[in-house]
1. Sequence neighbours fewer than 8 away in the same chain don't count; with that in mind, list the lysines whose C-alpha is under 19 Å from LYS202.
2. Taking θ = phi - 60°, what integer Hz values does the Karplus form 6.51 cos²θ - 1.76 cosθ + 1.60 yield along segment 479-495, in sequence order, with x for Gly and Pro?
3. Compute the whole-percent fraction of alpha carbon pairs in segment 354-485 spaced more than 22 Å apart.
4. Please list 444-457, 318-331, 462-475 highest first by mean number of surrounding beta-carbon atoms within 10 Å per residue.
5. What is the extension gain from LEU223 to ILE247, computed as 0.36 nm multiplied by their sequence separation minus the C-alpha to C-alpha distance, in nm to one decimal?
6. From the phi of every residue in segment 427-435, what ³J(HN,Hα) in whole Hz does the Karplus formula 6.51 cos²θ - 1.76 cosθ + 1.60 yield, where θ is phi - 60° and glycine or proline is x?
7. Net charge near MET120: determine it from the other residues with C-beta under 14 Å of the C-beta of MET120, scoring Lys and Arg +1 and Asp and Glu -1.
8. How high is the FRET efficiency between LEU408 and LEU50 when r is their beta carbon distance and R₀ equals 25 Å, given to the nearest 0.05?
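No lab work stands behind these numbers, since they all come straight from the coordinates. This structure is a prediction, so every number in the text was calculated from the model and none was measured. No Cβ is skipped: glycine too gets one built from the backbone with ideal geometry, and neighbour counts run over all protein chains shown.
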Amino acid sequence: MIALKMPPSRPRRRPHELSFSADEKPPIATAITLGFQHAVMALGLLAYTLALARYANLSVDQTRNLLAVTIIAMAIGTALQAWGGRLGSGSLMIHMPSVFMVPLAGPILAVTGPGGMVTMTVVSAVATLAIAPLLPRLRGLFPPIVAGLVVLIGGMSLVGEAVEHSWSLGHDFVIDIPSLIMSSITLALIVGLSVWGNRRLKLLALLIGVVAGVAAAFFMGRLEGGAVLMSAAPVAMPELVTPVVDIPVGLLLGLAFIAILTQIDTVGSLILLDRMDDADWRRPDMKQASRGVLGAGIADLIGGVLGSMPTATSSANIGLCHASAVTSRTVGLATAAILMLVAFLPQATLALTLIPTPVIGAIELYAAAFLMAAGIDLIASRELDTRGIFIVGISLLGGVTVLLMPGLAERAHPALRHLVGSGFIVTGVIAIVLNLVFRLGIRRQLAIKLAADGPPVSIQITDFIEEAGGSWAARRDVVRRAALAAVEAAEAIDQAGGDRHVIGIGGSFDELNLDIELVHSGAPMPVGDVAVADLESLLDGDDDSAIDAAMSSISGTLLRRLADRLSSRAGPEPGTSILRLHFEH
């Protein structure tokens, strides 16, 4: 497995906090160990498949078969994502059963039996495959603000269930002390080893936490399921089911719509992983996201033919990537291999799914905390003006309202209940809609004349660039660099002589490029290469004019360091010129 040569991904610089980045190959023992941890986490999320099976009143054999084929689909999706190329994202993205499908698929499955799952998953896969090639053209729908909101609300959506699982809360909200002890031990070890452990302990933080939690459950007499485990067959092949196509068209359209909305989460997760893996991250790579969604669609199409449940990307496993400081694609292939093996070993499946619920809840708590912090970081990476503030505020308001008042969804039409009842979906839809609406009022080109009797020119220039950067939601670091460069350029223009003075400033932005234009009187500024003067020799001499010329050359050198490209040309009016500063965004 380690010797396989995977297609190369986009060149990236590894952040210092990562032990192994996407294209780096850890030792085989490390890859297998981390793959096992990811597999344990993903298999623990089969609780959603079990919930669907219970909802549909499936028999024990039908439930085991549904589990097996769903694990196969998860393995295929995980392998495609790790392999990359044209059919995957080229990242450590683990697939899990799609929780968003449970409310709508449950009633259908109860009527049709396992055969209905074939039609539902295939329809979901076709919708996913249809949206995948369109993603690169939809860059405007998924700016970092929208992606950050999706990641943030995804973490917030985990909180309620994670706390319930960790403390075994019932309707009376009484905390079960043994469950509290198990989850606290697990969470404390995961966090503690991730923060203070050495490199090897960080790699094994989640596994050590899970083992300690299971050991605590054993000593407290809370480890159950031994009889069920022993009664399961050691090896079993999943059985193919006969498809049932007699499903109302309206419900199939609802499934397709959910599948498309689920890809919002996929895009947000891929952006988050890409940012974790790139120290010089600037913007979402929508081509990579498109390949990731394509891989998800292919996995669901194959899984659908087998009768599996639709899959989604696992946010909890992204938390594990952060805890272990490893995003290697090799670990993804190891995880896929382990999942595929487990699919044919019923005893192994049951053993992993019998991990005490409070232990799984502790992992969910860690993942929720990480996702919320990562979402906030994504949102804060861009300048925000009033539009951006309202996009964030109103979107979160809608999502949190649904999370805090789940009863509101019961008032909706049955066909929409599962959509408006998801805080994740509500936040994502509102963010996309508001972004589209507010973009209508954004001027991509701005220009003003500087007031001769107003504040200092440097203040006017800085205010203009900061306000424009906020309205465009440009990156904070680029906006600050542009402001510093523009102020330096204005000083260089004033010192260049020839009756040159800055009289106006303009700017343009298209998500990939930020351009600032300084309009000044006089002839165009020379922007050729400037030789670096020997200041030590000049300071020892007595030629003041040479020193002034040297200082001007320093200003030009500084401008070339701050801006990615400089150009100069004649201005729109006689006697004026324009100095253009280009910044890659």
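1. Once the sequence-local lysines are set aside, what remains near LYS202 is LYS25.
2. Per-residue couplings from phi come out as 4, 5, 5, 5, 5, 5, 5, 5, 5, 5, 5, 4, 5, 5, 5, 5, 7 Hz.
3. Details: 4923 of 8646 pairs.
The answer is 57 percent, as a whole percent.
4. 318-331, 462-475, 444-457
5. Numbers: separation 24, 0.36 × 24 = 8.64 nm, distance 4.11 nm.
Here the answer is 4.5 nm.
6. Ordered by residue, 3J(HN,Hα) equals 4, x, 5, 4, 4, 5, 5, 5, 4 Hz.
7. On the way: positive: none; negative: ASP246, ASP300.
Net of charged neighbours comes to -2.
8. On the way: r = 27 Å, r/R0 = 1.10.
Step by step, r from the Cβ atoms, then E = 0.35.
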